[in-house]
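Participant: Handing you this structure, nothing more for now.
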Amino acid sequence: MRESIKALKIKEHFIKAFPPALILLSIFFSNQFFFGAANAMLASPVTVLFLRTRNEDGVEWHILKALSVNVLLAFCAFAAGLNLAMTLIVNLAVPFLLVYFMTDEYTPGSYFPFGMSFVFMQLIPIQFTDIPMRLLALVYSFILIYIGLKIWKHFKPVPAVHDISKNAFVKITESFSALVQNNPEEAREAQRALLKINQNLCNRIYKSRRLRYFTTIEGACYFRLVMIFQRMENLILTFFRNPELMTAANKVYLENFIKVLKHLNRVFDSREYSEVIQELISFSDNCFMDQTDINDSMLLDINLLINALEGISKTAGKGVYREWVVPRKSRMLWRIYAHLSRDSFKFRFGVRLSLVLTFTFLVSRLLPVTHGYWLPLAAYLLTRPFYDESVSKSLDRIKGTVIGLIAAFFLFSIFTTYPEHMVLAVIAAFCIYAADDYSTLVVFATCFALSLTTLSMQSTYALELRLLFTTGAVIVSILASKFILPMRYYDQFKIDMERLVLLDRAVVKYTEELLGGAPHQDIVRELILKSYLISDQIEMNYHASAFGSCGQFVEGFLAENRQLMTTLIDVYYLITLQGVEAEEERFVKKAVERLEIWFEKIQQCLKKKDAADQEPEKIIVKTNASYIMRLLSAGQAEAKAFLAFVERNISSF
């Protein structure tokens with residue numbers, strides 16, 4: 001039995017490693033054959049691009065964009081190799097610009113494959129006459145990547161967002177089933193999985209929302225699924241927190257809804273949803289919960305779901321749906337000035353990375369030894385946005401390097417010929433992409449590099465240089481991350497907590513403007529995505545931090561905020577769709593203004609500042625009030641509870 005499990009795991013790791021290892025080796029050896037050793041090094045950064053692009057939408061766009069940037073970087077790398085002055089100027093500028101233009105708070109690693117290309121193209125300086133060969137090598141490498149991506153997409157033809165959405169519906173079904181069967185732990189586990197899936201979906205949509213795909217009927221409807229999944233997660237959490245809501249009538253309601261969801265799960269990949277849509281319509285007409293507010297919320301959920309399924313079905317086609325417009329303030333040029341500040345994540349990391357690469361490349365140029373480029377390469381890989389991550393990567397790098405050097409010493413004393421070294425390099429390449437953690441990856445990366453280096457250098461000397469430059473890179477990376485505009489996970493986590501409340505206040509502000517006749521649907525959609533993404537970043541940064549003891553506060557804060565944000569979104573879109581009745585307009589405006597006061601008090605509390613003691617006047621809702629008024633009343637109650645929760649737990653923040 002154990003042997004079978006081991007064999008299965010080996011098979012899984014081989015399948016995982018095969019595509020990127022094949023790409024790496026194909027580009028490495030063919031570039032070396034056609035374009036020389038200086039261009040063989042393009043294999044590593046281009047393979048990283050393949051790994052980061054294979055599950056994204058818009059392959060052609062990603063390839064053209066990446067190739068264009070790499071062509072510019074090729075000229076920059078050439079300029080950096082001209083003399084020490086150009087090394088200083090170019091390395092101060094280019095890494096900063098890459099971080100500044102390629103990343104934001106929600107996609108902090110987007111710079112990495114481009115920075116890696118820039119570093120690798122500097123490792124072996126080339127002459128002006130070699131530039132055409134470098135450009136040809138780039139085009140050739142990207143053609144191979146494009147072919148690899150098309151083959152990958154052939155075996156995975158469904159867009160990644162579709163697969164993610166399918167998994168979300170499965171988790172919704174599992175969670176509701178567990179609730180009905182009175183299994184709260186299983187329901188909670190499925191609810192948390194649903195939250196992670198929806199955050200992943202938000203991230204995919206945010207990164208690729210500028211692509212034409214999201215201006216089609218099909219693409220635009222995936223954003224509606226994001227809203228549906230968040231609403232379902234809120235409903236599951238409501239039942240989990242309030243078990244008394246699981247009455248006999250509500251249990252029957254959920255059992256019938258589960259039947260429809262199971263049918264949807266069976267046919268989801270086929271995109272034939274006509275029968276499911278009819279079932280949803282029949283379900284909403286004949287099944288009711290015994291709590292009016294929850295029932296009205298579910299009716300809205302079902303209508304949104306029907307609308308989304310109609311959009312992503314086969315019959316919808318690929319018609320253009322030009323509603324997705326990225327607000328000007330979210331576009332690159334508008335964000336340049338906003339981030340020219342010491343408080344900006346991009347500015348701080350961009351400056352730090354530029355200084356690290358400038359220093360290490362200058363040292364490598366001045367040292368009278370071969371393979372001095374190992375210093376800036378390792379320093380680049382270890383210098384991460386946060387101090388905590390840099391330290392963790394550095395420790396793993398040292399550990400993996402030492403083990404790799406020991407393994408290489410014994411291997412290269414046994415296998416000494418060129419063919420044997422090439423076989424070891426191929427094996428190491430597959431093992432790199434099969435590794436489950438960074439230190440293991442470094443072990444095989446060390447063996448891969450040394451299997452090639454030791455062909456032209458005495459083995460012991462090569463091992464000593466590798467250890468020396470790795471140790472130097474670790475020291476530089478840790479010192480830079482600690483003293484040059486440092487940022488820890490815990491620092492960013494606290495900043496993001498306040499930014500999340502600012503996004504809530506922005507939705508309230510645009511709701512006020514909507515009541516005044518100025519709709520901002522594009523901006524509100526952007527705010528919704530960013531709210532979900534910041535929630536994900538808060539959770540990741542807190543758990544990655546070595547400091548703090550407010551885990552329950554963070555989990556509760558995010559859950560309360562998601563619930564409240566959903567209410568705000570419902571109010572905004574209901575006003576957009578059906579307007580406000582004349583006799584209620586004055587009361588709706590006052591209710592929205594009061595919500596703004598509540599959020600201001602929450603923000604002041606997070607900053608540990610004294611807020612005004614006087615609470616906003618309570619919203620009085622008549623029994624026959626509209627759903628919008630009832631939502632605003634519920635929103636004020638949620639905001640009040642949110643503030644009370646923050647006040648109780650702020651001491652641990």
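Participant: For ALA21, all conditions in the list (1) of a type in the set (A, V, I, L, M); (2) in a helix (DSSP H, G or I); (3) open to solvent by 60 Å² or more (accessible area, probe 1.4 Å) hold save one; what is the number of the exception?
Facilitator: (3)
Participant: Still on this model: Please list, ordered by first then second residue, the pairs with beta carbon atoms under 7 Å, 6 or more apart or interchain, first in segment 568-590 and modelled with pLDDT under 85, second outside any helix (DSSP H, G or I).
Facilitator: Listed pairs, sorted by first residue: GLU581/SER626; GLU584/SER626.
Participant: Conditions: (1) buried (at least 19 other Cβ atoms within 10 Å of the Cβ); (2) closer than 30 Å to ILE205 by Cβ. TYR253 meets all but one. Number of the miss?
Facilitator: Tallying (1) buried (at least 19 other Cβ atoms within 10 Å of the Cβ); (2) closer than 30 Å to ILE205 by Cβ, TYR253 fails exactly one: (2).
Participant: How many residues, within segment 125-157, are among the aliphatic types (A, V, I, L, M) and open to solvent by less than 40 Å² (accessible area, probe 1.4 Å)? Show your work before the answer.
Facilitator: The initial filter retains those residues of segment 125-157 that are among the aliphatic types (A, V, I, L, M), namely 126, 131, 133, 135-139, 143-145, 147, 149, 151.
Filter once more, keeping what is open to solvent by less than 40 Å² (accessible area, probe 1.4 Å): 126, 131, 137-138, 145, 149.
Number of matching residues: 6.
Participant: If I filter segment 168-192 down to residues being surrounded by fewer than 18 Cβ atoms within 10 Å (Cβ to Cβ) and in a helix (DSSP H, G or I), which single residue comes out as nearest to the chain's Cα centre (by Cα)?
Facilitator: Here is the first cut: in segment 168-192, the ones surrounded by fewer than 18 Cβ atoms within 10 Å (Cβ to Cβ) are 181-186, 188-189, 192.
Subsequent filtering for residues that are in a helix (DSSP H, G or I) retains 184-186, 188-189, 192.
Working: PRO184: 29, GLU185: 27, GLU186: 26, ARG188: 23, GLU189: 22, ARG192: 17 Å.
Result: ARG192.
Participant: Condition first: in a helix (DSSP H, G or I), of a type in the set (D, E, K, R) and modelled with pLDDT of 65 or more. Now tell me which residues in segment 324-374 satisfy that. Reasoning before the result, please.
Facilitator: Restricting attention to segment 324-374, the residues satisfying the condition of being in a helix (DSSP H, G or I) are 328-330, 332-335, 337-339, 345-366, 374.
After this cut, where a residue has to be of a type in the set (D, E, K, R) as well, the list is 328-329, 335, 346, 348, 352, 365.
Matches in segment 324-374: LYS346, ARG348, ARG352, ARG365.
Participant: Sticking with this one: Can you name the condition, by its number, that MET121 falls short on among (1) over 25 Å from ALA379 (Cα atoms); (2) crowded, with 21+ Cβ neighbours inside 10 Å; (3) among the aliphatic types (A, V, I, L, M); (4) at pLDDT 90 or above?
Facilitator: It fails just one condition, (1).
Participant: Quick check, is VAL69 without any contact (Cβ under 8 Å) to a residue 60 or more places away in the chain, under 30 Å from ASP536 (Cβ atoms), in a helix (DSSP H, G or I) and open to solvent by 10 Å² or more (accessible area, probe 1.4 Å)? Show your work before the answer.
Facilitator: On the way: without any contact (Cβ under 8 Å) to a residue 60 or more places away in the chain: yes; under 30 Å from ASP536 (Cβ atoms): yes; in a helix (DSSP H, G or I): yes; open to solvent by 10 Å² or more (accessible area, probe 1.4 Å): yes.
Taking the combined requirement at face value, the residue satisfies it.
Participant: Something else about it: Of all residues being over 21 Å from ALA506 (Cβ atoms) and either in contact with a Cys (Cβ under 7 Å, 6 or more places away or on another chain) or of a type in the set (Asp, Glu) (or both) in segment 575-593, which is least open to solvent (accessible area, probe 1.4 Å)? Just the residue, please. Before the answer, list the steps.
Facilitator: To start, the set of residues in segment 575-593 that are over 21 Å from ALA506 (Cβ atoms) comprises 578-579, 581-587.
Right, trim to either in contact with a Cys (Cβ under 7 Å, 6 or more places away or on another chain) or of a type in the set (Asp, Glu) (or both) and you get 581, 583-585.
Details: GLU581: 96, GLU583: 125, GLU584: 26, GLU585: 71 Å².
Among those that are over 21 Å from ALA506 (Cβ atoms) and either in contact with a Cys (Cβ under 7 Å, 6 or more places away or on another chain) or of a type in the set (Asp, Glu) (or both), it is GLU584.
Participant: Do the conditions hold for GLN199, that is, is it at pLDDT 85 or above, surrounded by 22 or more Cβ atoms within 10 Å (Cβ to Cβ), polar (S, T, N, Q) and touching an Asp or Glu at 6+ places or on another chain (Cβ under 7 Å)?
Facilitator: Working: at pLDDT 85 or above: yes; surrounded by 22 or more Cβ atoms within 10 Å (Cβ to Cβ): no; polar (S, T, N, Q): yes; touching an Asp or Glu at 6+ places or on another chain (Cβ under 7 Å): yes.
No; evaluated as a whole, the condition is false for this residue.
Participant: Find the residue count for segment 99-129, including only residues that are part of a helix (DSSP H, G or I) and free of Cβ contacts under 8 Å to residues at least 40 places away in the same chain. Let's see the steps before the verdict.
Facilitator: Here is the first cut: in segment 99-129, the residues part of a helix (DSSP H, G or I) are 99-102, 112-123, 128-129.
Restricting the remaining residues to those that are free of Cβ contacts under 8 Å to residues at least 40 places away in the same chain gives 102, 129.
Residues in segment 99-129 being part of a helix (DSSP H, G or I) and free of Cβ contacts under 8 Å to residues at least 40 places away in the same chain: 2 in total.
Participant: Something else: Can you tell me how many residues within segment 281-298 are under 18 Å from THR247 (Cα atoms) and assigned to a helix (DSSP H, G or I)?
Facilitator: 8
Participant: Moving to a separate point now. For SER413, state whether it is of a type in the set (Gly, Ala, Ser) and surrounded by fewer than 16 Cβ atoms within 10 Å (Cβ to Cβ). Before the answer, list the steps.
Facilitator: Numbers: of a type in the set (Gly, Ala, Ser): yes; surrounded by fewer than 16 Cβ atoms within 10 Å (Cβ to Cβ): yes.
Yes: the conditions hold for SER413.
The values are calculated or read from the model by the stated rules, or taken from the named source; none is laboratory data. This is a predicted model, so every value here is computed, not measured. Here Cβ is always computed from backbone atoms with ideal geometry, including for glycine, and neighbour counts include all displayed protein chains. Accessible surface is based on the protein model in full, side chains and every heavy atom, while ligands, DNA and RNA are left aside. Shrake-Rupley method; radii C 1.70, N 1.55, O 1.52, S 1.80 Å.
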